[in-house]
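The values are calculated or read from the model by the stated rules, or taken from the named source; none is laboratory data. These numbers were taken from a predicted model, which means no experiment stands behind them. Every residue, glycine among them, receives a Cβ derived from its backbone with ideal geometry; neighbour counts consider all protein chains shown.
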């Protein structure tokens, strides 16, 4: 099957299907709800129900643009222009999915953003056997290794508890969709009172609809932070610090695997946990898929492709999906 | 060593200075006397004892070779990793994960490795030793093992804080530890003595550079409230240095704490005639016809690899002493300036190449203005004012000394290249190469990396990333669009830049968003400034 990698996204011309199209097009598969993947007013949008819900929140319906939203949930298949499409969990954010495209005996898997180990919130990944694999490499260098879910939750809770115990306000820097809710979830589960900043709070219902309970969180209010852990977006940390409150910040991210994240994020505590695969997980996904040809489409694409080639897996780094990731480094 | 690494990680994780010190102190408390000495030495002065003589030298190429061997990663991947991380020790620690036996490393064993690395002559031998370390111990320990070698821990721990942690851990007043450290410069020995209560026995030790007292910049002479309470001296534009003498043995240290004795043989020779033991504070200057020559002239002499008699005759130098920190077994830093001055005057003969800086007394601000003009007319930078009765405060900029000078000039320049910083600035473009106009082109005249706020640096990083024209490793070439105003202390000839000139001590005053590259200064202006600096006082 022909695969075109373009700045507008990945295109499968024989069946006219785009994978995470960057511009409005006829038919696009949307792997998950982050804004660098779910964008544009495509005529036909295919994704999991949760992803479509997030997409609709961020790209509200427009009466002048009729759209067909077609859900394809984990394990479901559909026929599409002569190919068979099946969605599988990608354990990235809620709703994130891999897409298996079967066409004339060939199996192609597009991972979207993915991690292998179970996330704090979300489904566990299955690695899909395939001939050709299209994979991301946000953290495709051996310096990136992350904590597992349990250890990350435990670090989040213990940092919050220790800060509160000494009279400081713990501040967690998260992202509006994904990490933010996972941190809130970890804190709620540990029974720590938490106040959540606007754009993170806005997406909590999406997680609740997916079956995750967030007992006891309140929306962030500047006057009412005593005794609470705060979960805020990166830019808001500076505002909090400027307010002169006694705060201690923690940065929960894959980038927190490097010490320079302290200066970048303005955080004391670094908790290296991500909704992306770390380096070892990326290698494991490639290996377990059995793919003989790999296209690396995001992050350290050339370096990771070189690493795969050195291990005997034919890999390339086509220039595509040049858009900025939602998990943008603060200060970068 | 494993615990030292853990303590360092803890220190890195605190932003409060007090917490950092407390964390380090509680680690120190767990150590035996001998381990305390080792840990303090590693943190305060590096892998080997301060008075070992020869420099410890394990370069980045040696480290790289060893980590490539152990990790098995190809050079380009390792280089990319280093670029993302911005620190050798951290990168190596991350790359050897999964490749090491994770054995425990004691401080004693680490000390032996450092000693063997120090003694090793051939690079291959050093690589061999490092490979052993990188494949045997815990990644976190290896991270700090290397950071101690590269000399920058990047955990927000200044040497003064180690001093404070030693004081805290041993229950000793910080001031006592500070003074002892200034006497001997051997904090490791001091830590042991502090624990045993024998701090007073720490004797002054010559031939290690002590901290210099620094002067606070005075914005305007008229800001001085009490002009009649200060000793007034000229501020020289030379090399601030410390000369240690012990009956014929002489060492000269510059402010960067480097030993520069060999570059100034005539000073070393003259100092041999000083009787007894002494430590002088003063300035090295190029000198002719009883006045100082511009720093650019002195620069020409320093640039020479070998100091021949011909160059000594062509560019003679003098040492102008202005303080005496130690004399015949007695530290003088806590003695009032007047007494130190009296002792200084008897210690030297006041004949070139050894001079004593003249002091004057002012009755009014007008007098000081007059002295300032006189100093400028003599080709000096301005004035240093020293408060009556003040003590010598090593390493401090307390305000007991004040300096009044005028920047040599300012220029509007355009940025042509931006370089990734290190440590906390590893992810932004913080070091800027800048240029002036030359015909229709721009030619570089210098590089600066201070003066802007973090916010401005972040904003400029975004601009430079989008205006990048090429990239060489850490350096990004950019379209000449951003205009900065820089101040500098002089112009010198430089083979490094295409323009043939380089600004001295350039610092960024502000980002001129109101100016375009066409408004920049041109190379003719820079050349004229250089010619003027050779001709005499500005």
(Q) Considering only region B:400-417, I want to know if a residue exists there that is modelled with pLDDT of 90 or more, within 14 Å of another protein chain (Cβ to nearest Cβ) and touching a strand residue (DSSP E or B) at 6+ places or on another chain (Cβ under 6 Å). (A) no
**Q.** helices (runs of 4 or more DSSP H) contained in region B:107-203 and holding at least 3 residues within 14 Å of chain A (Cβ to nearest Cβ)
**A.** B:139-150
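Tell me, which strands (runs of 3 or more DSSP E) wholly within region B:447-497 include 2 or more residues that are free of Cβ contacts under 8 Å to residues at least 40 places away in the same chain? Break it down stepwise before answering.
Values: elements: B:468-472, B:475-478, B:483-488, B:490-493.
Once the strands (runs of 3 or more DSSP E) in region B:447-497 are filtered for at least 2 residues that are free of Cβ contacts under 8 Å to residues at least 40 places away in the same chain, what remains is B:468-472.
Regarding region A:56-67, can at least one residue be identified that is more than 21 Å from residue A:205 (Cα to Cα), in contact with a helix residue (DSSP H, G or I) (Cβ under 9 Å, 6 or more places away or on another chain) and either in a loop (DSSP other than H, G, I, E, B) or touching a residue at least 24 places away in the same chain (Cβ under 8 Å) (or both)?
Checked against the condition, which is being more than 21 Å from residue A:205 (Cα to Cα), in contact with a helix residue (DSSP H, G or I) (Cβ under 9 Å, 6 or more places away or on another chain) and either in a loop (DSSP other than H, G, I, E, B) or touching a residue at least 24 places away in the same chain (Cβ under 8 Å) (or both), region A:56-67 yields no hits at all.
Here's the yes/no breakdown for (1) in contact with a helix residue (DSSP H, G or I) (Cβ under 7 Å, 6 or more places away or on another chain); (2) surrounded by fewer than 24 Cβ atoms within 10 Å (Cβ to Cβ); (3) on the phi < 0 side of the Ramachandran plot:
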{"position": "A:88", "(1), (2), (3)": "no, yes, yes"}
{"position": "A:104", "(1), (2), (3)": "no, yes, no"}
{"position": "A:108", "(1), (2), (3)": "no, yes, yes"}
{"position": "A:136", "(1), (2), (3)": "no, no, yes"}
Q.
Checking residue B:529 against (1) part of a helix (DSSP H, G or I); (2) out of contact with any strand residue (DSSP E or B) (no Cβ under 8 Å at 6 or more places or on another chain), only one condition comes out false. Which one?
A. (2)
Q. Out of all the residues in region B:51-96, which are surrounded by 18 or more Cβ atoms within 10 Å (Cβ to Cβ), part of a loop (DSSP other than H, G, I, E, B) and within 14 Å of chain A (Cβ to nearest Cβ)?
A. B:73, B:86, B:87, B:96
Q. For region A:147-159, does any single residue satisfy the condition of being under 18 Å from the mean Cα position of the chain (by Cα), at pLDDT 95 or above and within 14 Å of another protein chain (Cβ to nearest Cβ)?
A. yes
Q. When residues of region A:9-24 are filtered for being buried (at least 19 other Cβ atoms within 10 Å of the Cβ) and assigned to a loop (DSSP other than H, G, I, E, B), how many remain?
A. 3
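Restricting attention to region B:419-440, report how many residues are more than 14 Å from every other protein chain (Cβ to nearest Cβ) and assigned to a strand (DSSP E or B).
9
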**Q.** From B:240, B:249, B:277, residue being touching a residue at least 24 places away in the same chain (Cβ under 8 Å), in contact with a strand residue (DSSP E or B) (Cβ under 9 Å, 6 or more places away or on another chain) and surrounded by fewer than 17 Cβ atoms within 10 Å (Cβ to Cβ)
**A.** B:240
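Inspect region A:137-145 for any residue being touching a strand residue (DSSP E or B) at 6+ places or on another chain (Cβ under 6 Å) and in a strand (DSSP E or B) and give the result as yes or no.
There is at least one residue in region A:137-145 that is touching a strand residue (DSSP E or B) at 6+ places or on another chain (Cβ under 6 Å) and in a strand (DSSP E or B).
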Q: Looking at (1) in contact with a strand residue (DSSP E or B) (Cβ under 6 Å, 6 or more places away or on another chain); (2) not in a strand (DSSP E or B), find the lone condition where residue B:443 falls short.
A: (2)
Q.
Which count do you get for residues in region B:1-28 that are touching a residue at least 24 places away in the same chain (Cβ under 8 Å), within 14 Å of chain A (Cβ to nearest Cβ) and in a helix (DSSP H, G or I)?
A. 8
**Q.** Condition check for residue B:480: at pLDDT 85 or above and touching a helix residue (DSSP H, G or I) at 6+ places or on another chain (Cβ under 6 Å)
**A.** yes
Q) If we keep just the residues of region B:193-206 that are crowded, with 20+ Cβ neighbours inside 10 Å and in contact (Cβ under 8 Å) with a residue 40 or more places away in the chain, which is nearest to residue B:341 (Cα to Cα)? A) B:204
**Q.** Selection status of residue A:167, within 14 Å of another protein chain (Cβ to nearest Cβ), at positive phi and touching a residue at least 60 places away in the same chain (Cβ under 8 Å)
**A.** yes
Q: Find the residue count for region B:295-312, including only residues that are under 25 Å from residue B:380 (Cβ atoms) and part of a helix (DSSP H, G or I).
A: 10
Q.
Just checking, does region B:207-226 include any residue being in a loop (DSSP other than H, G, I, E, B), surrounded by fewer than 19 Cβ atoms within 10 Å (Cβ to Cβ) and in contact with a strand residue (DSSP E or B) (Cβ under 6 Å, 6 or more places away or on another chain)?
A. yes
Q.
Given the condition surrounded by 15 or more Cβ atoms within 10 Å (Cβ to Cβ), at pLDDT 90 or above and over 28 Å from residue B:299 (Cα atoms), answer yes or no: does some residue in region B:486-502 qualify?
A. no
Q) Which residues, taken from region B:376-392, are in a loop (DSSP other than H, G, I, E, B), at pLDDT below 90 and surrounded by fewer than 21 Cβ atoms within 10 Å (Cβ to Cβ)? A) B:378, B:379
Q: Among the residues of region B:245-281, write down those that are farther than 23 Å from residue B:315 by Cα, part of a strand (DSSP E or B) and out of contact with any helix residue (DSSP H, G or I) (no Cβ under 9 Å at 6 or more places or on another chain).
A: B:246, B:249, B:277, B:279
Q) Name the residues in region B:335-363 that are within 29 Å of the chain's Cα centre (by Cα), touching a residue at least 60 places away in the same chain (Cβ under 8 Å) and in a loop (DSSP other than H, G, I, E, B), would you? A) B:348, B:352, B:353, B:357, B:358, B:359
